[in-house]
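Report on one structure; see the data block that follows.
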Amino acid sequence: MIRPSATRIALIYPELLGTYGDGGNAIVLAQRLRWRGLRAEIVEVPAGEVVPADCDIYLLGGGEDEPQVLAADGMRRNRSLLRAVSGGAAVLAVCAGYQVIGATFPAGNGQIHDGVNLIDVETRRSFEPPDAPPPPRAVGDIVVEPSPQLGLPTLYGYENHGGRTRPLPGFRGIPLGTVRVGVGDGTPARTDGVVDGKVIGTYLHGPVLAQNPALADLLLTWVHGPLAPLDGPREVGILRDARAHALAEG
Amino acid sequence: MTTPLPRRLTARTQLALAAERLASGASRRLGRGSGEMIGGKIALRISPGALAEVGSNRPTACVSATNGKTTTTRLLARALGTLGPVKSNGGGANMAPGVMTALARPPYDSPAALEVDEIWLPKVARAIVPRVVLLLNISRDQLDRSNETRRIAAIWRELGAELRDTVVVANVDDPLVAWAAMTWSRQVWVSAGQNWTADAMVCPQCARLLHRNASGWWCECGLARPEPIVSVAGLGELMWFGRRIPARIDLPGRVNLANAAMAAAAAREFGVEVEDALAAMRGIGDVQGRYQEVPLGHDGHQARLLLAKNPAGWVEMMELLNLAPPRPVVIDFNSQTADGRDPSWIWDVPFERLSGRQVLVTGGRKEDMSVRLAYAEVPHSVHDDAEAAAAAANEKVVDVVANYTAFRDLLVRTTR
Ligand SMILES: [Zn+2]
């Protein structure tokens, strides 16, 4: 019998992009493979090291301003993430990670910093005219109705960011969804996140895959093909009901 | 004989102190908390300079950190107590009003051991000009407040450059703390350990990645771990200014011995011998209910109450849980405003280490904790409250690990 090789899940620079619990996304993906009898390997890529080009899924999380700049510079130095994506790998980038894989984002000192340019979006403190005060930091529960073509149920999460993100001309992807509660990208279209090929960017912490297992399974099918259905863990259904209840009342 | 005042209080401050007394008394009588906040708040509103007036003419020490403030302040208050009466905000009200209340009553020249919130430290220390400031650690806490860890280190660093006569007792194992302490006029460097390094991977000075090995941390820019003069040498021993001394306290775990080492190093600046300081610290079995065993529920269960409000605190707690034979553990988890609204941080905690013991979950965000444990493959049950969880435990004595508001509520229910 041929044993399929393990699905490799890269957690990029967890010491820089791991401030908001997003490392949990790696745990969720790996467990959802293992519970289906498949092999999974979490590859932690320490900051300062070259991002390996041979992983199947790449995860980037949220971080503080200076680490975010450091992460962007580290990934720009070698192009392995872009090579991996053109070779069919998937990416889930959250918050600072989402900003970093775009074209540009604001550094802590207010300057505009170059991102990795994996998706055609740009992030700023504000897209208002320069004389208008910048919008307040977006902090709180967030609920997103996914774009219909994704076939996903409602997304629950927590957002905590100062940036606003919008597509650049020529952007070929779709929004991850429409914001029902919260801020998300903070654009007039009231969207959060993008899906462009197999790359997902979003502002949802939570971690997003822990609260939204269907999104985890979507990523897994992109790199693995169809998967056997996984009923559970039942705790997630209870959590999603509790969030729906709390946020409907809130 | 009356205690001589070092300086006459202004009429405005005397009025403020009278108002403080009234408000604190009324608040206590009405049962609204301990009255630590409201009285101090009113006093500072009437006389904004009152904190400086009641605080600056006495020998004081301020304790600040993400974790361990309350315990270290308590240990320090005991050590300073060997010299005479000590003022302290032992109730944990650690912003300016809480400090104000702690210092509001005479004598106005007795020493004080004060717990101060990280962000409030500059304001409080500028007013009272402490003799010693203790800086323990900085780590992620209450993610929704975006209190970036480096920003806290930076404001402490600025403060040190201003307070020219204040000594800092600082933990060399936390790069953020060490960097913050370098501007102070004099440092007592203590190796208090750091079992949570994820928030100190980047150099606070130049934003390069820090290098680490068993003996410390350093950066290419030249920032490096200072050589400590005091360190925890093992469970029950300290290296103390060049000699090895036995050091046992009753609070459990290495983390509390480190807190005691910090407190003893601070007390030395007040003339307290280390042996006397440690002897005075022994006998503290609980701090604000932490580590204390209380009856829980109505069927004879006993609970040891433990507080863990962020990943660093949980990692310490795992170590402590594993010192004893595995008991059932109740996790009481909330995400109210004072806890931080974002519960994502539980995914940074290695809950896999709880497998092998009975785990029972409760609290306002029990569902989030339950999902975390499911993915960690830790079997557990979910209950409406800690009492119901304890009732379902298969041993009579359980450990309860709660975060901030869960702990506070539990304490009210179990010690009323
Ligand atoms: Zn450096």
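Could you grab the pairs with beta carbons closer than 9 Å, sequence gap of 6+ or different chains, first residue in region A:229-250 and more than 8 Å from chain B (Cβ to nearest Cβ) and closer than 22 Å to A:Gln31 by Cα, second one exposed (fewer than 15 other Cβ atoms within 10 Å of the Cβ) and not basic (Lys, Arg)?
Listed pairs, sorted by first residue: A:Arg240/A:Pro153.
Here is a yes/no grid of residues against (1) crowded, with 24+ Cβ neighbours inside 10 Å; (2) over 24 Å from the mean Cα position of the chain (by Cα); (3) of a type outside the set (A, V, I, L, M):
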site: B:Pro350; (1), (2), (3): no, no, yes
site: B:Arg353; (1), (2), (3): no, yes, yes
site: B:Ala376; (1), (2), (3): no, yes, no
site: B:Ser381; (1), (2), (3): no, yes, yes
site: B:Glu387; (1), (2), (3): no, yes, yes
site: B:Val397; (1), (2), (3): no, yes, no
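I need the full set of residues from region A:7-29 which are of a type in the set (Gly, Ala, Ser), within 12 Å of another protein chain (Cβ to nearest Cβ) and buried (at least 24 other Cβ atoms within 10 Å of the Cβ), in order please.
The answer is A:Gly18, A:Gly21, A:Gly24, A:Ala26.
Can you tell me which residue is surrounded by the fewest Cβ atoms within 10 Å (Cβ to Cβ) among those in region A:30-57 that are assigned to a loop (DSSP other than H, G, I, E, B) and within 12 Å of chain B (Cβ to nearest Cβ)?
Among residues in region A:30-57 that are assigned to a loop (DSSP other than H, G, I, E, B) and within 12 Å of chain B (Cβ to nearest Cβ), the one surrounded by the fewest Cβ atoms within 10 Å (Cβ to Cβ) is A:Glu49.
With a cut-off of at least 2 residues that are away from chain A (no Cβ under 13 Å), name the helices (runs of 4 or more DSSP H) lying wholly within region B:308-416.
Fully inside region B:308-416 and qualifying: B:311-321, B:386-391, B:404-415.
Quick one: is B:Arg164 part of a loop (DSSP other than H, G, I, E, B) and either within 14 Å of chain A (Cβ to nearest Cβ) or more than 16 Å from the ligand (Cβ to nearest atom) (or both)?
Details: part of a loop (DSSP other than H, G, I, E, B): yes; either within 14 Å of chain A (Cβ to nearest Cβ) or more than 16 Å from the ligand (Cβ to nearest atom) (or both): yes.
Yes, satisfied.
Right, B:Asp199: buried (at least 17 other Cβ atoms within 10 Å of the Cβ), in contact (Cβ under 8 Å) with a residue 12 or more places away in the chain, acidic (Asp, Glu) and away from the ligand (no atom under 13 Å from the Cβ) or not?
Yes.
Can you find even one residue in region B:129-137 that is away from the ligand (no atom under 16 Å from the Cβ), within 14 Å of chain A (Cβ to nearest Cβ) and surrounded by 16 or more Cβ atoms within 10 Å (Cβ to Cβ)? Working first, answer last.
Quick first cut of region B:129-137, residues away from the ligand (no atom under 16 Å from the Cβ) only: B:129-137.
This time we only want the ones that are within 14 Å of chain A (Cβ to nearest Cβ), so: none.
Within region B:129-137 (the criterion being away from the ligand (no atom under 16 Å from the Cβ), within 14 Å of chain A (Cβ to nearest Cβ) and surrounded by 16 or more Cβ atoms within 10 Å (Cβ to Cβ)), the answer is no, since none of the residues qualifies.
Can you spot a residue in region A:139-147 that is on the phi > 0 side of the Ramachandran plot and either in contact (Cβ under 8 Å) with a residue 12 or more places away in the chain or of a type in the set (A, V, I, L, M, F, W, C) (or both)?
Yes, there is a match, as at least one residue in region A:139-147 is on the phi > 0 side of the Ramachandran plot and either in contact (Cβ under 8 Å) with a residue 12 or more places away in the chain or of a type in the set (A, V, I, L, M, F, W, C) (or both).
Return the residues of region B:173-188 that are within 16 Å of the ligand (Cβ to nearest atom), assigned to a loop (DSSP other than H, G, I, E, B) and of a type in the set (A, V, I, L, M, F, W, C); say none if nothing qualifies.
Passing the criteria: only B:Met182.
Picking from A:Pro136, A:Pro67, which residue would you name as being in a loop (DSSP other than H, G, I, E, B), within 14 Å of chain B (Cβ to nearest Cβ) and closer than 25 Å to B:Pro343 by Cα?
Values: A:Pro67 fails: in a loop (DSSP other than H, G, I, E, B).
Criteria check complete, one pass: A:Pro136.
Quick check on B:Pro204: is it at pLDDT 90 or above, within 14 Å of another protein chain (Cβ to nearest Cβ), part of a loop (DSSP other than H, G, I, E, B) and within 24 Å of B:Val315 (Cα to Cα)?
When the stated conditions are applied, B:Pro204 passes them.
Check whether at least one residue in region A:205-217 is crowded, with 18+ Cβ neighbours inside 10 Å and away from chain B (no Cβ under 12 Å), and report yes or no. Step through it out loud before you land on a result.
At the first step, the residues of region A:205-217 found to be crowded, with 18+ Cβ neighbours inside 10 Å are A:205-213, A:215-217.
Applying the additional criterion that residues be away from chain B (no Cβ under 12 Å) yields A:215, A:217.
Yes, region A:205-217 contains at least one residue that is crowded, with 18+ Cβ neighbours inside 10 Å and away from chain B (no Cβ under 12 Å).
What's the number of the only condition in (1) surrounded by fewer than 24 Cβ atoms within 10 Å (Cβ to Cβ); (2) of a type in the set (A, V, I, L, M, F, W, C); (3) more than 22 Å from B:Asn195 (Cα to Cα) that B:Leu321 fails to meet?
Tallying (1) surrounded by fewer than 24 Cβ atoms within 10 Å (Cβ to Cβ); (2) of a type in the set (A, V, I, L, M, F, W, C); (3) more than 22 Å from B:Asn195 (Cα to Cα), B:Leu321 fails exactly one: (3).
Looking at region B:253-282, which of its residues are at pLDDT 90 or above and in a loop (DSSP other than H, G, I, E, B)?
B:Glu269, B:Phe270, B:Gly271, B:Val272, B:Glu273, B:Arg282
Can you work out which of the residues in region B:359-374 that are touching an Asp or Glu at 6+ places or on another chain (Cβ under 8 Å) and of a type outside the set (A, V, I, L, M) is surrounded by the most Cβ atoms within 10 Å (Cβ to Cβ)?
So the residue we want is B:Gly363.
Might you let me know whether region B:214-234 holds any residue that is away from the ligand (no atom under 16 Å from the Cβ), assigned to a strand (DSSP E or B) and without any contact (Cβ under 8 Å) to a residue 12 or more places away in the chain?
Applying the first criterion (away from the ligand (no atom under 16 Å from the Cβ)) to region B:214-234 yields B:214-215, B:227-234.
Keeping just the survivors that are assigned to a strand (DSSP E or B) gives B:230-234.
Keeping just the survivors that are without any contact (Cβ under 8 Å) to a residue 12 or more places away in the chain gives B:233-234.
Yes, region B:214-234 contains at least one residue that is away from the ligand (no atom under 16 Å from the Cβ), assigned to a strand (DSSP E or B) and without any contact (Cβ under 8 Å) to a residue 12 or more places away in the chain.
Which of the following residues is within 10 Å of the ligand (Cβ to nearest atom), crowded, with 17+ Cβ neighbours inside 10 Å and either within 14 Å of chain A (Cβ to nearest Cβ) or without any contact (Cβ under 8 Å) to a residue 60 or more places away in the chain (or both): B:Leu209, B:Leu238, B:Leu257? Working first, answer last.
Values: B:Leu238 fails: within 10 Å of the ligand (Cβ to nearest atom); B:Leu257 fails: within 10 Å of the ligand (Cβ to nearest atom).
Among B:Leu209, B:Leu238, B:Leu257, only B:Leu209 is within 10 Å of the ligand (Cβ to nearest atom), crowded, with 17+ Cβ neighbours inside 10 Å and either within 14 Å of chain A (Cβ to nearest Cβ) or without any contact (Cβ under 8 Å) to a residue 60 or more places away in the chain (or both).
Determine whether B:Ser191 is closer than 21 Å to B:Val255 by Cα and away from the ligand (no atom under 16 Å from the Cβ). So that I can check it myself, show each step before the final result.
On the way: closer than 21 Å to B:Val255 by Cα: yes; away from the ligand (no atom under 16 Å from the Cβ): yes.
When the stated conditions are applied, B:Ser191 passes them.
Mind checking whether some residue in region B:250-258 is in contact with a Phe, Trp or Tyr (Cβ under 7 Å, 6 or more places away or on another chain) and on the phi < 0 side of the Ramachandran plot?
The answer is yes, given that some residue of region B:250-258 is in contact with a Phe, Trp or Tyr (Cβ under 7 Å, 6 or more places away or on another chain) and on the phi < 0 side of the Ramachandran plot.
Quick one: is A:Arg137 modelled with pLDDT under 95, more than 19 Å from A:Val199 (Cα to Cα) and charged (D, E, K, R)? Talk me through it step by step, then tell me what you get.
Numbers: modelled with pLDDT under 95: yes; more than 19 Å from A:Val199 (Cα to Cα): yes; charged (D, E, K, R): yes.
Answer is yes for this residue.
Is it the case that A:Leu92 is away from chain B (no Cβ under 14 Å), outside any loop (DSSP other than H, G, I, E, B), out of contact with any Lys or Arg (no Cβ under 9 Å at 6 or more places or on another chain) and not hydroxyl-bearing (Ser, Thr, Tyr)? Lay out the reasoning, then the answer.
Details: away from chain B (no Cβ under 14 Å): yes; outside any loop (DSSP other than H, G, I, E, B): yes; out of contact with any Lys or Arg (no Cβ under 9 Å at 6 or more places or on another chain): yes; not hydroxyl-bearing (Ser, Thr, Tyr): yes.
Yes; evaluated as a whole, the condition is true for this residue.
The values are calculated or read from the model by the stated rules, or taken from the named source; none is laboratory data. No experiment lies behind these values; they were computed from the predicted model shown. Note that we place each Cβ from the backbone using ideal geometry, even for glycine, and neighbour counts take in every protein chain shown.
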